[in-house]
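J.: Following this message is one structure expressed as structure tokens.
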Amino acid sequence: MGLRDHLDSRLGTAASRVMHDLNARHPWSHNDHFHGWILHELPERRRAALDVGCGRGGLLAELAPWFDRVAGIDRDAGMREAAARRTADLPQVDVLDTRLEDLEGPFDLITMIAVLHHLDLEQALTRVRDLLAPGGRFLCVGLAPPASVRDQAWEMASMVTNPLIGAVKHPWPARRGPGVDDGDEPPIKDPGIPLDEIVRRAAPILPGLRARRRLAFRHTLEWTRPV
């Protein structure tokens with residue numbers, strides 16, 4: 001049981017509702033928050049980039065100025081349509097209705113944000129390795145259930161800082177009501193593999209993979225294919 005679930009069961013729905021209402025007043029995207037990290041970690045060679053699970057195309061638009069070609073794939077047709085609309089004026093961006101296993105590389109950058117837990121771990125990482133050009137980078141922002149004491153500590157830190165970060169990023173309380181529509185939401189799936197196990201299973205495929213626990217209930221994975 002994760003710390004958030006444990007607190008819900010101990011403190012009841014009232015405490016959970018207070019936290020939910022506080023976060024709702026100052027909403028922020030936990031996934032978009034990591035775009036800056038990705039842009040800071042770009043590879044030296046920047047011919048082609050691939051965003052797996054591109055969603056509405058926010059990261060595609062941010063990568064476009066840095067690469068000759070940027071491709072985005074997503075299983076959800078609604079997300080692909082939204083991404084295509086968002087990047088319609090960026091000729092170097094293509095939103096593809098193609099599966100990861102059917103793509104042809106090489107890519108100098110492959111990104112995933114809140115996507116890896118939707119995929120078969122070993123198959124996805126193997127495909128990433130094969131699609132990367134020498135010197136290419138894999139940058140992943142992921143979710144994992146808390147399992148260790150360290151996981152639980154980061155879970156607590158994320159719970160405490162979440163409304164504080166929201167207040168900084170979105171200082172004015174959000175107005176919600178009739179007629180407010182955020183559009184289609186991306187598919188949601190609870191993560192099932194703890195971070196330590198992800199690292200252990202990834203080691204034979206991506207030797208030297210670096211993993212870091214982060215705030216916002218996320219972790220990052222980074223790997224560079226040897227030259």
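J.: Dividing the alpha-carbon radius of gyration of the stretch 72-130 by 2.2 N^0.38 Å (N being the number of residues), what value is obtained?
T.: 1.18
J.: Which whole-number value in Å² is the accessible area per residue of the stretch 185-227, probe 1.4 Å?
T.: Working: 2550 Å² over 43 residues.
That works out to 59 Å² for each residue.
J.: Return the long-range amide H neighbours of Phe107 (sequence gap of 5 or more, or a different chain), with a cut-off of under 5 Å between placed amide H atoms.
T.: Answer set, sorted by chain and number: Leu132, Ala133.
J.: Right, something else. Restricting to DSSP loop positions (anything but H, G, I, E, B) with no more than 13 other Cβ atoms inside 10 Å of their own Cβ, which GluC sites (Glu not before Pro) remain in the stretch 41-106?
T.: Numbers: sites: Glu41, Glu44, Glu62, Glu81, Glu101, Glu104; in loops: Glu41, Glu44, Glu104.
Passing sites in the stretch 41-106 are Glu44, Glu104.
J.: Next up: Report the equivalent ellipsoid semi-axes for the stretch 38-119 in whole Å, largest first, defined as the square roots of five times the eigenvalues of the gyration tensor built from alpha carbon atoms. Write out the running numbers ahead of the final one.
T.: Details: eigenvalues 62, 45, 28 Å².
After scaling each eigenvalue by five and taking roots: 18, 15, 12 Å.
J.: Going by average Cβ density within 10 Å per residue, which order do the peptides 51-61, 86-96 take, highest to lowest?
T.: Most protected by this proxy first, the peptides run 51-61, 86-96.
J.: Extending each Cα 7 Å along its Cβ direction at Leu39 and Asp76, get the distance between those two points in nm, one decimal.
T.: 2.4
J.: Can you list the HN-Hα couplings for the stretch 122-134, worked out from phi with the Karplus curve (6.51, -1.76, 1.60; θ = phi - 60°), rounded to whole Hz and with x for Gly and Pro?
T.: For the stretch 122-134, the Karplus curve yields 5, 5, 5, 5, 5, 5, 4, 4, 6, 7, 6, 6, x Hz.
J.: Under a 1.4 Å probe, what is the accessible area of the stretch 20-113 per residue, stated in Å²?
T.: About 51 Å² of surface per residue is accessible.
J.: Quick one: accessible surface of Arg137, probe radius 1.4 Å, all protein chains present, in square angstrom to the nearest 10.
T.: About 40 Å², rounded to the nearest 10.
J.: Compute the length gained on full extension between Asp32 and Asp196: take 0.36 nm times their separation in residues and subtract their Cα-Cα distance, giving the result in nm to one decimal.
T.: On the way: separation 164, 0.36 × 164 = 59.04 nm, distance 2.42 nm.
Fully extending the segment from Asp32 to Asp196 adds 56.6 nm.
J.: Based on the Cβ-Cβ distance of Arg85 and Leu215, what FRET efficiency does E = 1/(1 + (r/R0)^6) give at R0 = 30 Å, to the nearest 0.05?
T.: So the FRET efficiency works out to roughly 0.45.
The values are calculated or read from the model by the stated rules, or taken from the named source; none is laboratory data. For clarity, every value in this text was computed on a predicted model and none was experimentally measured. In this analysis, Cβ positions are derived from the backbone assuming ideal geometry, glycine residues included, and neighbour counts consider all displayed protein chains. We work out accessible area using only protein heavy atoms, side chains counted, and drop any ligands, DNA or RNA first. Shrake-Rupley method; radii C 1.70, N 1.55, O 1.52, S 1.80 Å.
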